1. All but one of (1) surrounded by fewer than 10 Cβ atoms within 10 Å (Cβ to Cβ); (2) outside any helix (DSSP H, G or I) hold for SER10; state the number of the condition that does not hold.
2. Look at GLU30 and say whether it is acidic (Asp, Glu), surrounded by 10 or more Cβ atoms within 10 Å (Cβ to Cβ) and in a helix (DSSP H, G or I).
3. Return only the number of the condition from (1) surrounded by 10 or more Cβ atoms within 10 Å (Cβ to Cβ); (2) modelled with pLDDT of 95 or more that ASN16 does not satisfy.
4. Any idea which residue in the range 50-77 is farthest from ILE12 (Cα to Cα), counting only those that are among the small types (Gly, Ala, Ser) and part of a helix (DSSP H, G or I)?
5. Would you check which residues across the range 33-49 are under 30 Å from ALA59 (Cα atoms) and either assigned to a loop (DSSP other than H, G, I, E, B) or at pLDDT 95 or above (or both) and list them?
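The values are calculated or read from the model by the stated rules, or taken from the named source; none is laboratory data. Predicted, not measured: the structure shown is a model, and the values here were computed from it. As a convention, Cβ positions derive from the backbone with ideal geometry for all residues, glycine included, and neighbour counts pool all protein chains shown.
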Amino acid sequence: MAQPLDDIKSQIKALNPPEKSELLRVLVSELEPETDDGVAQAWLEEAKRRHAELAAGTASPIPASVVFQRARERLRR
């Protein structure tokens, strides 16, 4: 199986960036488990709600660096 994988790797190196991006999307979708439509819909509604709050100014964004730092601090406790 090593030889076919080596061949695939060589072919990937020959792709241009947009083709590599598309390949990555396909591979990730193959690895992700099937999602429940209800869960996907709930996440979509949550994202829309959060966007509306940000747009209305009723919520403030938190930089990812702050979020990760807070998470690390909580995990240390």
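1. Single failed check for SER10: (2).
2. Values: acidic (Asp, Glu): yes; surrounded by 10 or more Cβ atoms within 10 Å (Cβ to Cβ): no; in a helix (DSSP H, G or I): yes.
No, not satisfied.
3. (1)
4. Going through the range 50-77, the residues among the small types (Gly, Ala, Ser) turn out to be 52, 55-57, 59-60, 64-65, 71.
Next, only the ones that are part of a helix (DSSP H, G or I) stay: 52, 55-56, 64-65, 71.
Working: ALA52: 40, ALA55: 41, ALA56: 44, ALA64: 32, SER65: 33, ALA71: 36 Å.
Restricting to residues being among the small types (Gly, Ala, Ser) and part of a helix (DSSP H, G or I), the top hit is ALA56.
5. Residues of the range 33-49 under 30 Å from ALA59 (Cα atoms): 35-49.
Within the range 33-49, THR35, ASP36, GLU45, GLU46, ALA47, LYS48, ARG49 qualify.
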